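Report on one structure; see the data block that follows.
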Amino acid sequence: MKNWLLLTTFFGLWLSTQLSSGLQDYLAYSFILTFGVLHGANDIVLIRKQYQNLNTTGAIIPYILVISSVTLLFFFSKALVLAVFIVISGYHFGEQHLKEMLTNSHWFHKFLFTFYGLTILFMIFYANIVEVQQIIYDVTGYLFLSDYIKMGLYINLIGLSISVALLKFKKVLRINLVKELFMFFVFYIVFNVASLLWAFSIYFILWHSIPSLKDQMEVLYGSSKPSYLMDYVKTSWIYWAVSILGLLILYLLLQNHLDYFISVVLYVLAAVTFPHVIVMSKLEGK
């Protein structure tokens with residue numbers, strides 16, 4: 001599958017040289033609102049699959065409690081929610097990419113997942129440093145210095161290197177370092193050529209959402225054949241539609257205050273991502 005993903009990544013890179021930044025962003029939005037939102041729209045079904053005696057109400061309640069907790073934390077500290085959101089997203093990206101390379105469980109693998117995902121995110125941040133600084137300022141009111149972003153990238157690269165070395169020494173991690181370094185090189189080029197949103201969507205959709213959809217279909221239907229995609233959509237479309245409708249309502253209400261709209265959307269994504277990561281982590285654990 002990774003060969004196909006790599007070829008599609010190169011196609012996305014080629015598109016970024018052919019399209020204006022505005023068109024890249026519109027294309028990114030379309031993929032994020034379809035595949036991106038869809039890959040997290042079946043959490044309730046997945047919870048019920050894990051706990052087969054649980055009804056829909058029982059599955060929804062803890063999900064809502066987590067979202068409510070994140071919302072309350074948002075009113076306490078926007079900067080803290082953003083920071084935790086980035087760390088949790090980093091862990092989630094790393095888990096999706098590296099889980100199959102573990103021969104058995106080890107307590108340090110959580111650091112491996114986190115450092116990997118954060119390295120990807122900070123590569124994107126560093127390649128689009130001015131835009132990222134503005135977004136952080138709009139969301140939190142704090143000016144995040146470029147040196148901090150550069151430092152974050154270096155720290156996570158070092159942490160990733162130590163994690164890989166330790167887990168390979170423990171014979172827990174089975175990884176082709178040449179292939180992984182080549183992929184990092186490709187990501188580096190993509191992140192520096194594409195617009196911020198298009199660069200993020202190339203990684204988020206191709207290397208996270210689509211593999212996650214494949215994993216979820218295997219859990220739900222025992223196979224990830226394309227024919228099962230319609231079954232997946234049938235069980236998730238209502239949650240997907242509600243998510244899209246909610247974002248549309250937010251946009252209409254805040255269209256004259258787009259900076260504030262971006263802040264709200266980020267925190268809505270954070271609130272939804274937290275329980276999604278919990279669901280997927282338990283799924284991977286099983």
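Under the combined filter of DSSP loop state and at most 13 neighbouring Cβ atoms within 10 Å, region 112-152 retains these chymotrypsin sites (Phe, Trp or Tyr not before Pro): TYR142.
Accessible area per residue, 1.4 Å probe, Å², for the chain: what's the number? Walk me through the numbers on the way to the answer.
Values: 15480 Å² over 286 residues.
About 54 Å² of surface per residue is accessible.
Within the chain, helices built from complete DSSP H runs that reach 18 Å or longer along their own axis (Cα positions) and carry a mean Kyte-Doolittle hydropathy of -1.0 or higher are 2-18, 56-76, 78-98, 109-127, 146-169, 177-193, 229-254, 258-285. Taking the accessible area of region 64-197, probe 1.4 Å, and keeping the other protein chains in place, the carbon and sulfur fraction comes to 72%.
Using Cβ point charges alone (K and R +1, D and E -1), the dipole size of the chain about the Cα centre works out to roughly 940 debye.
Sequence-ordered 3J(HN,Hα) estimates for region 194-207 from the Karplus curve with 6.51, -1.76 and 1.60 and θ = phi - 60° stand at 6, 5, 3, 5, 5, 4, 5, 5, 4, 6, 4, 7, 6, 9 Hz, glycine and proline given as x.
Between the amide H of LEU173 and those of THR103, LYS168, distances stay under 5 Å, these residues lying 5 or more places away or on another chain, with hydrogens modeled in the peptide plane. Here each label is just a point 7 Å from Cα along the line to Cβ, and for SER30 and LYS110 those points are 4.1 nm apart.
Taking the charge dipole of region 101-198 about its Cα centre, with +1 at Lys and Arg Cβ atoms and -1 at Asp and Glu Cβ atoms, the residue from SER105, PHE191, ASN156 reaching farthest to the positive side is SER105.
Calculate the dipole size of region 13-153 relative to its Cα centre from +1 charges on Lys and Arg beta carbons and -1 charges on Asp and Glu beta carbons; express the result in debye to the nearest 20. It would help to have the intermediate numbers written out before the result.
Details: 6 positive and 7 negative charges, 75 e Å.
Its charge dipole is roughly 360 debye.
Sites listed here are trypsin sites (Lys or Arg not before Pro) in region 152-220 whose DSSP assignment is loop and whose Cβ has at most 15 other Cβ atoms within 10 Å: LYS170, LYS171, ARG174. With the charge dipole of the chain set up from +1 on Lys and Arg Cβ and -1 on Asp and Glu Cβ about the Cα centre, the Cα lying farthest toward the positive end among the listed residues ASN3, PHE204, LEU13 is that of ASN3.
The values are calculated or read from the model by the stated rules, or taken from the named source; none is laboratory data. Please read these numbers as outputs of a predicted model, since none were measured by experiment. Reconstructed Cβ throughout: ideal geometry from the backbone, glycine too, with neighbour counts over all protein chains shown. Protein only, heavy atoms only, side chains kept; ligands, DNA and RNA dropped before computing areas. Shrake-Rupley method; radii C 1.70, N 1.55, O 1.52, S 1.80 Å.
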